Amino acid sequence: MQRVYLDNNATTPVLPEVFEAMRPYFGEHFGNASSIHHHGQETRAAVERARESVAGLLGCQASEIVFTSGGTEADNLAIFGMMSGVASPSHVITSTVEHHAVLNACKQLEGLGCDVTYLPVDGQGQVDPQDVRQALRPSTRLITVMMANNETGVLQPVEEIGKIAAEAGVRFHTDAVQAAGKVAIDVGRIRCDLLTISGHKIHGPQGVGALYVKKGMQLRPMLYGGSHERSRRAGTENVPGIVALGKAAAVARQGLENGGDRTMAAMRDRLQAAVLEKLEATGVNGGGVDRVPNTTNIYFDHIEGEALVIALDLKGLAVSTGAACSSGAIEPSHVLTAMGLPPDRARASIRFSLGKQNTAEDVDFAISLIPEMVGRLRELSPLGKAVLGKH
Ligand code: PLP
């Protein structure tokens, strides 16, 4: 059975060249990067080469990169590293559409007595930089607003936010997990102090990520142990993972230099246009503003998104909804509801996200399947039948 994977914002396959780069570090080169003998020096050198490569993707110095166990840890390190031990009153500004790695960290901060402002977004999913400016207080210590949204791909005006933060002397963190490798990132242009990336969203392995920490910034560590990562993240380095992240960053950088982002956007746009053309009562969530090139989030009124995900999966196409299942009930996505979508439309929305492994044939396969499956589900839905006049 043909299987096509269009859920690359959930995770991406490790590219063959990335796998080949990491493979020797499971066997031949197994040393602890903190050991002073030959074995340790070999892996230390590999870790430092990977650090250079990640820094190259982000436009920073290698010494400003801290390796972590992934995006969630990097987000948490940015937020708690900045905020723990800060005298009250203290205040953080974030947005309602952040990933839970940021949202739940902020909720935890509130429990510790910190004030958090959750900025709204407009109908396209963007934060208004003027809202950031207006939310500033004398006690504001941190602004954390993501670069690209995982559900819609919508890009936030991070350069404008970075400028506001710099003028106010407030630290700025951006979660760039879904932006890295898809759009060019330059921490100097964004003027951010902290920036998160994750290996498995850029064709590296799961369980490795990095935090950019601007030179001179004091962060409280979250883990106590050895003095790894310049005492910013204790624990023996995940050498194969870090080597793979370095390789994935190099591949991502090369892809951007070679216009891979434009090819990706063309594939995404073809998929989107074909679906919209063939189906009525559909539309793109966040389609009116700049997005990362691999993502489109489409609503199909009068169906349940979860039902469509399952129907497509049975035919070999893997996609996803942003919905979360809590206590047996399907909650509409917090991102789409923050954008003002009614719950039914939010539940009827599906995310399609492409990766480097996807081909034009994959897109053809999706285009051949989606209208048919949506049509069938609408046939089964009394509302769909009535509204769309199908009998
Ligand atoms: N931030 C964003 C925007 C994400 O999409 C994700 C993963 O889906 C994360 C953070 C968490 O990264 P990780 O899975 O590496 O912990």
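So which helices (runs of 4 or more DSSP H) stay within the range 154-270 end to end and still have 1 or more residues that are at pLDDT below 95 and either more than 14 Å from the ligand (Cβ to nearest atom) or over 30 Å from A135 (Cβ atoms) (or both)?
Those helices (runs of 4 or more DSSP H) span 228-231.
Just to verify a result, which residue in the range 87-132, among those that are open to solvent by less than 40 Å² (accessible area, probe 1.4 Å), away from the ligand (no atom under 16 Å from the Cβ) and assigned to a loop (DSSP other than H, G, I, E, B), is nearest to G162 (Cα to Cα)?
S90
When you go through G260, G316 one by one, which is the residue that is closer than 19 Å to N358 by Cα, of a type in the set (G, A, S) and open to solvent by less than 20 Å² (accessible area, probe 1.4 Å)?
Just a single option satisfies the conditions, and that option is G316.
Look at P240 and say whether it is within 18 Å of E52 (Cα to Cα) and either touching a helix residue (DSSP H, G or I) at 6+ places or on another chain (Cβ under 9 Å) or crowded, with 22+ Cβ neighbours inside 10 Å (or both).
In short, yes.
Taking the range 355-391, which residues are farther than 30 Å from A180 by Cβ, modelled with pLDDT of 85 or more and among the hydroxyl-bearing types (S, T, Y)?
S368
Could you list all residues from the range 9-27 that are within 17 Å of K356 (Cα to Cα), touching a residue at least 60 places away in the same chain (Cβ under 8 Å) and away from the ligand (no atom under 16 Å from the Cβ)?
Hits for the range 9-27 are L15, E17, F19.
Inside the range 57-86, can you point out the residues that are within 14 Å of the ligand (Cβ to nearest atom), part of a helix (DSSP H, G or I) and buried (at least 24 other Cβ atoms within 10 Å of the Cβ)?
Selection gives G71, A74, D75, L77, A78, I79.
Looking only at the range 153-212, count how many residues are aliphatic (A, V, I, L, M) and either within 18 Å of T295 (Cβ to Cβ) or within 12 Å of the chain's Cα centre (by Cα) (or both).
Final tally of qualifying residues: 13.
For G340, are the conditions met, namely being part of a loop (DSSP other than H, G, I, E, B) and either out of contact with any Lys or Arg (no Cβ under 8 Å at 6 or more places or on another chain) or of a type in the set (F, W, Y) (or both)?
yes
Kindly provide the set of residues from the range 330-371 that are farther than 13 Å from R268 by Cβ, open to solvent by less than 40 Å² (accessible area, probe 1.4 Å) and among the β-branched types (V, I, T), ordered by number.
Those that are farther than 13 Å from R268 by Cβ, open to solvent by less than 40 Å² (accessible area, probe 1.4 Å) and among the β-branched types (V, I, T): V335, I350, I370.
The values are calculated or read from the model by the stated rules, or taken from the named source; none is laboratory data. These figures come from a predicted structure and were not determined experimentally. Methodologically, a virtual Cβ is constructed for each residue, glycine included, from the backbone with ideal geometry; neighbour enumeration extends over all protein chains shown. The accessibility values were calculated without ligands, DNA or RNA, using every heavy atom of the protein model including side chains. Shrake-Rupley method; radii C 1.70, N 1.55, O 1.52, S 1.80 Å.
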